[in-house]
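See structure below.
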Amino acid sequence: MTATPTITVLDGGTGTTAVVTIDGEALATHQLYYRLAAATDWTVGLTRVGDGAITQTGLTNNSEYYFAVISTLLTVASLPSAQAYCRVTTGGFVTGGASRTFEILGISNVNFRDRTQEILAVERGT
């Protein structure tokens, strides 16, 4: 069986994009799926071969999404990755796969400057 990929998701900061980074089988084709948080139906997103990032376009500003990836190598598909959450905004807030780590640390949001990933502010939850 093809290894199950792991993903992290960052808000693209444009209001219509999210950046999904995939770590899985190096030669596999990685198919992205996404859905609005309130929806049950998945939309087929973009693909890439090998590990790296997919910038999914066509999302709705100020909306919450779940993302997942299925990898295929030599016609053998993996199990779906764990779902990762992201709120798409024009501000570039990170909420994706790292959200569990942030929860453990008591951090509710990390605000990055555009796509440079320079941290501007960290908000602690209550």
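Would you call Thr2 out of contact with any strand residue (DSSP E or B) (no Cβ under 8 Å at 6 or more places or on another chain), surrounded by 15 or more Cβ atoms within 10 Å (Cβ to Cβ) and in a loop (DSSP other than H, G, I, E, B)?
Against the criterion (out of contact with any strand residue (DSSP E or B) (no Cβ under 8 Å at 6 or more places or on another chain), surrounded by 15 or more Cβ atoms within 10 Å (Cβ to Cβ) and in a loop (DSSP other than H, G, I, E, B)), Thr2 does not qualify.
Could you check how many residues of region 19-55 are among the small types (Gly, Ala, Ser), assigned to a strand (DSSP E or B) and surrounded by fewer than 17 Cβ atoms within 10 Å (Cβ to Cβ)?
Of the residues in that region, 2 qualify.
I want to confirm something. Restricting to region 81-91 and keeping residues that are assigned to a loop (DSSP other than H, G, I, E, B) and under 15 Å from Ser63 (Cβ atoms), which single residue is modelled with the highest pLDDT?
The residue in question is Thr89.
Out of all the residues in region 1-53, which are among the acidic types (Asp, Glu) and within 15 Å of the chain's Cα centre (by Cα)?
If the condition is that a residue be among the acidic types (Asp, Glu) and within 15 Å of the chain's Cα centre (by Cα), then Asp11, Asp23, Asp51 are the ones that fit.
The values are calculated or read from the model by the stated rules, or taken from the named source; none is laboratory data. All values reported here derive from a predicted model rather than from experimental measurement. Cβ coordinates were reconstructed from backbone atoms using ideal geometry, including for glycine residues, and neighbour counts include every protein chain displayed.
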